[in-house]
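J.: Below: one structure in structure tokens.
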Amino acid sequence: MTQRASGTVFIVDDDNDFRDSMKWLLESDNFHVIGFNSAQDFLNRYKGDMGCMLLDVRMPEINGLALQQIMLERHIKLPIIVVSGHGDIPMAVNAMKNGALDFIEKPFDDEVLLRLVEMGLQRATEMFKDNTALSQSRSHYNSLSKREKEVMALVVSGQSNREIAESLGISPKTVEVHRARVMSKMRAASLPDLVQQANRLNIA
């Protein structure tokens, strides 16, 4: 049995036969799949699980592009593979501009779909790790005192302890104490690690 990337494939398509056939194809190749018969169905039932989406662009009420926009607004981050029928290419191109992973036209080769889904789940794993790292950094940063945040900003901007002391009107020894606390609270193993976390948090 083939070992697949972890995560769930969310199929959002109002065509029951197509959705069922895609579910069968993916499950037969050892993917975990959940189907939704509309964009609203997905929005109502999605619980924040990691995965990727197979999204039809033409659906009643809320089409694929509209769902993609709602997901952006709600910070639902899933790699999206757009499924385009005849005459839907402009919509699919717009979906790509909004960050979709790729799009395929109906009818398509099963192997192409399977490769794209595997790629989508691998991307989802990377996104999950990035989001986890961001959440951890934000939590650590929120534990800093106001002065420690000031020191951190100046440290990652490249200022020396003496320059920081002059900027804040405190002694270099006090800067050393705050700097050590920043490194400890941020769980930073090195200055480059601290700079990386600052970049992740958009701290200038």
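Each reported figure results from applying straightforward, stated rules to the coordinates on display, with no laboratory input. Because the structure is a prediction, the values reported are computed rather than measured. Every residue, glycine among them, receives a Cβ derived from its backbone with ideal geometry; neighbour counts consider all protein chains shown.
J.: On a 0 to 90° scale, report how tilted helix 16-28 is relative to the longest principal axis of the chain, with both axes built from alpha carbons and the result rounded to the nearest 10.
T.: Between helix and principal axis, roughly 60 degrees.
J.: Next question, about the same structure. Could you work out how far helix 146-156 tilts from the main Cα principal axis of the chain, as a 0 to 90 degree angle to the nearest 10?
T.: 80 degrees
J.: Could you give the dipole magnitude of segment 143-198 about its Cα centre, charging the beta-carbon of Lys and Arg +1 and that of Asp and Glu -1, in debye to the nearest 20?
T.: Dipole of segment 143-198, to the nearest 20 debye: 220 debye.
J.: Taking K and R as +1 and D and E as -1, what net charge do the other residues with C-beta under 12 Å from the C-beta of Leu116 add up to?
T.: Its environment carries a net charge of -3.
J.: A further question follows. Counting helices only, and only those DSSP H runs with n ≥ 4, report the 222 nm mean residue ellipticity of the chain as the sum of -39,500 (n - 2.57) divided by its residues, in deg cm²/dmol to the nearest 500.
T.: -18000 deg cm²/dmol
J.: At a 10 Å Cβ-Cβ cut-off, how would you order Ser135, Ser6, fewest neighbours first?
T.: Ser135, Ser6
J.: Distance cut-off 32 Å, Cα to Cα: go down the list Lys47/Lys106; Lys23/Lys129; Lys129/Lys185; Lys47/Lys146; Lys77/Lys149 and report the pairs above it.
T.: Long pairs (Cα-Cα over 32 Å): Lys47/Lys146.
J.: To the nearest 20 debye, what is the magnitude of the charge dipole of the chain about its Cα centre, counting +1 on the Cβ of each Lys and Arg and -1 on the Cβ of each Asp and Glu?
T.: 1600 debye
J.: Give me the angle, in degrees from 0 to 90, between the Cα long axis of helix 172-185 and the longest principal axis of the Cα atoms of the chain, rounded to the nearest 10.
T.: Roughly 30 degrees, rounded to the nearest 10.
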